[in-house]
1. Mind listing whichever residues of the range 5-58 are among the small types (Gly, Ala, Ser) and surrounded by fewer than 20 Cβ atoms within 10 Å (Cβ to Cβ)?
2. Cβ contacts < 9 Å: first residue in a helix (DSSP H, G or I), restricted to the range 232-253; second residue aromatic (Phe, Trp, Tyr) and more than 8 Å from the ligand (Cβ to nearest atom), any location; separation 6+ or different chain. Result?
3. If a residue must be modelled with pLDDT of 95 or more, among the polar types (S, T, N, Q) and not in a helix (DSSP H, G or I), how many such residues does the range 306-351 contain?
4. Is it true that Leu320 is within 16 Å of the ligand (Cβ to nearest atom) and touching a residue at least 40 places away in the same chain (Cβ under 8 Å)?
5. Identify the single condition in (1) buried (at least 23 other Cβ atoms within 10 Å of the Cβ); (2) outside any helix (DSSP H, G or I) that Leu265 does not satisfy, given that it satisfies every other one.
6. Which of the residues spanning the range 155-187 are among the charged types (D, E, K, R) and crowded, with 18+ Cβ neighbours inside 10 Å?
7. Yes or no: Ile102 under 17 Å from the mean Cα position of the chain (by Cα), in contact (Cβ under 8 Å) with a residue 12 or more places away in the chain and within 16 Å of the ligand (Cβ to nearest atom)?
8. If you go through the range 312-349 one residue at a time, how many are under 18 Å from the mean Cα position of the chain (by Cα), over 30 Å from Glu38 (Cα atoms) and among the small types (Gly, Ala, Ser)?
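The values are calculated or read from the model by the stated rules, or taken from the named source; none is laboratory data. As the structure is a prediction and not an experimental result, all values here were calculated from the model. In this analysis, Cβ positions are derived from the backbone assuming ideal geometry, glycine residues included, and neighbour counts consider all displayed protein chains.
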Amino acid sequence: MEKTKKILDKEQLEKEDLIYLLSLENDDEIELLRQKAEQTLFGLVGEKVFFRGLIEFSNICTSDCLYCGIRKSNPNVSRYTLDEAEILEQVQQCANLGYGSIVLQSGERSDNLFIDFLVKILKKIKQMTISEKQPEGLGITLCVGEQTEENYRRLYDAGAHRYLLRIESSNPELFRKIHPPEQKYETRVKALKALKNVGFQVGTGVMIGLPEQTIEDLANDILFFKEMDIDMLGMGPYVIHNETPFAVYSDYYEKNKEKIYKLALKMIAVCRIFLKDVNIASTTALQAMQPVGREDGLMFGANIIMPLLTPTYRRKEYQLYEGKPCIEDSTEDCYFCISNRIASIGRTIGLDAWGDSKHALKRK
Ligand code: SAH
């Protein structure tokens, strides 16, 4: 207990401190960690929670990530891409509900048709969401994988200003183990740098609790986030999907579930304390493991939540992992449910605002 207190009082944490904090097992000590993360968040960023309405607009994917349910080799997924009208309908709902921002996410595609389609949609979204409440329209975050710097620029110029691309693991060895050989760690890092060059606010993140991942790996991930000077974090527990090659780890997963969940919360808290003013999302994967997962994430230092806007009739076809919550719900259900969850932990919602990361605004 004393050692934990001493570490939490330090101005600047070292790698050994990160490892120590991530390794905490005792509930009272984990509560101290949580309190420190919350204090850091409230002091440097604020207690408001910002919404990003999430539209999973296509599950067509050219990648074969060994952990992911919509990998191209999974024949059981029925593939879809929402058309323009379907996307814009959700965007309108998002604006009506007062969500200040939207996230467009999909499987990996980098062909010209795909980029052209996105550019067209982005411009329309901007046009149709400019209002008195939101003079610059909805804030738009993209999460559509590795692209060339030229294509990143096209997407930026069309109106997106944030981009999420997880490094998945900053340990090149582990990255190789969880991806097929054609997917390269170096390419992912290059893509993150290209996003910064273009001017995006950049988010990254990792899966927590991957088979063969160590606590030291996670501490190095945090140092990687710092070194890359990232603005936003989206991290969540690794959750098994039985139609992937990683189904072989089902024993590991069943035995370690609770540990993985706790570790994900500790990771959010340590990132908040160490990286201070970045935006951190409380991800849906937390709720796939625990009904109150996303509230827990917020209480451990996250300040962003992504209510689902994907049309209900498509939700079951976008399952990256098992136990995805809210599959039968409508957009309004998700809005009321999440608003109540935020109120239940005494926080407020930042309506009709982009809620950009303080870290990014400071750099400007
Ligand atoms: N194709 C895009 C976006 C879709 S995947 C991209 O790669 O950026 C979005 C995130 O879901 C991935 O970055 C990954 O970290 C996470 N994910 C995929 N499968 C998962 C699983 N089984 N458990 C937990 N997270 C998973």
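1. Ser23, Gly43, Gly46
2. If the second residue must be aromatic (Phe, Trp, Tyr) and more than 8 Å from the ligand (Cβ to nearest atom), the pairs left are Phe246/Tyr253.
3. Residues meeting the conditions: 3.
4. Taking the combined requirement at face value, the residue satisfies it.
5. (2)
6. Across the range 155-187, the qualifying residues are Arg162, Arg166, Glu168.
7. yes
8. 0
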